[in-house]
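Structure first, then comments.
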Amino acid sequence: MAMNYSVPSGLPAQGHVFVVLGSALSASGAMSTKLERRLKLAKTALAKYPAAKVLVSGGAPKNGKTEAAVMRAWLVAKGIASSRILVEPESASTIGNAKNSMALLSRSSAYTSYTLISDASHLRRASTLFRAATVLIQEQTGEAWAIKPVSNLAY
């Protein structure tokens, strides 16, 4: 699997979602440097693709805050319109990120492709789990689902 360390060119102009995978918060509910690096990549990607949305995925609350809520707040504080941000606040693992994020995306035919954003050591496993979650949704609904993974973005 090739890793992209800068925002790839040629991603779909419409229907694309950048999926930022969460990372454990500190006991006080603060985000880690690892999570902030993922969000910086997402901010850069959203600037390059102004029609794209971003899905922040992560539960595991600490001090009353979920990873997704902290990520959303960071993006809004950095100037990303809240209308561009989808929030998945339930997952406590990469398996949950995949199942819950893909279930959220499956609710709208507007989403046609996605790019995972995480650290390089995490993307191989996450990519496999996200593809499996797509198959699970297809199996549950009995319908083919056209959303496709397009590239990745790693630090």
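The values are calculated or read from the model by the stated rules, or taken from the named source; none is laboratory data. Not measured: the values here are computed from a predicted model. Methodologically, a virtual Cβ is constructed for each residue, glycine included, from the backbone with ideal geometry; neighbour enumeration extends over all protein chains shown. Each accessible area value is taken on the protein alone, full model and side chains, heavy atoms only, with ligands, DNA and RNA left out. Shrake-Rupley method; radii C 1.70, N 1.55, O 1.52, S 1.80 Å.
T44 fails exactly one of the following numbered conditions: (1) of a type in the set (V, I, T); (2) assigned to a helix (DSSP H, G or I); (3) over 20 Å from S101 (Cα atoms); (4) open to solvent by less than 70 Å² (accessible area, probe 1.4 Å). What is the number of that condition?
(4)
How many residues does the stretch 122-150 contain that are open to solvent by 50 Å² or more (accessible area, probe 1.4 Å) and in contact with a Phe, Trp or Tyr (Cβ under 7 Å, 6 or more places away or on another chain)?
Start the filter on the stretch 122-150 by keeping residues that are open to solvent by 50 Å² or more (accessible area, probe 1.4 Å), which leaves 124-125, 128, 131-132, 135-136, 138-144, 146, 148-149.
From what's left, in contact with a Phe, Trp or Tyr (Cβ under 7 Å, 6 or more places away or on another chain): 138, 149.
Qualifying residue count for the region: 2.
For the stretch 81-121, give me each residue that is assigned to a loop (DSSP other than H, G, I, E, B) and either surrounded by 19 or more Cβ atoms within 10 Å (Cβ to Cβ) or not aliphatic (A, V, I, L, M) (or both). Show your work before the answer.
As a first pass, look at the stretch 81-121 and keep what is assigned to a loop (DSSP other than H, G, I, E, B): 81, 89-93, 107-112, 119.
If the condition is that a residue be assigned to a loop (DSSP other than H, G, I, E, B) and either surrounded by 19 or more Cβ atoms within 10 Å (Cβ to Cβ) or not aliphatic (A, V, I, L, M) (or both), then P89, E90, S91, S93, R107, S108, S109, Y111, T112, D119 are the ones that fit.
When both residues are 6+ apart or on different chains and their Cβ atoms are under 8 Å apart, which pairs have a first residue that lies in the stretch 26-39 and is at positive phi, and a second that is open to solvent by less than 80 Å² (accessible area, probe 1.4 Å) and in a helix (DSSP H, G or I)?
Close Cβ pairs satisfying both conditions: G29/V70.
Answer yes or no as to whether A2 is in a helix (DSSP H, G or I), on the phi < 0 side of the Ramachandran plot, of a type in the set (A, V, I, L, M, F, W, C) and open to solvent by 50 Å² or more (accessible area, probe 1.4 Å). Please lay out each step first, then the result.
Working: in a helix (DSSP H, G or I): no; on the phi < 0 side of the Ramachandran plot: yes; of a type in the set (A, V, I, L, M, F, W, C): yes; open to solvent by 50 Å² or more (accessible area, probe 1.4 Å): yes.
No; evaluated as a whole, the condition is false for this residue.
Can you tell me which residue is most open to solvent (accessible area, probe 1.4 Å) among those in the stretch 68-80 that are on the phi < 0 side of the Ramachandran plot and not in a helix (DSSP H, G or I)? Break it down stepwise before answering.
As a first pass, look at the stretch 68-80 and keep what is on the phi < 0 side of the Ramachandran plot: 68-78, 80.
Filter once more, so that each one left must be not in a helix (DSSP H, G or I): 78, 80.
Numbers: K78: 103, I80: 20 Å².
The qualifying residue most open to solvent (accessible area, probe 1.4 Å) is K78.
Within the set of pairs 6 or more residues apart or between chains, which connect a residue that is in contact (Cβ under 8 Å) with a residue 24 or more places away in the chain and closer than 13 Å to A42 by Cα inside the stretch 63-81 to a residue that is polar (S, T, N, Q) and in a helix (DSSP H, G or I) with Cβ atoms less than 7 Å apart?
Partner pairs satisfying both residue conditions: none exist.
Against the definition (surrounded by 15 or more Cβ atoms within 10 Å (Cβ to Cβ) and in contact with a Gly (Cβ under 6 Å, 6 or more places away or on another chain)), how does K65 come out, yes or no? Spell out the reasoning first.
Working: surrounded by 15 or more Cβ atoms within 10 Å (Cβ to Cβ): yes; in contact with a Gly (Cβ under 6 Å, 6 or more places away or on another chain): yes.
Yes; evaluated as a whole, the condition is true for this residue.
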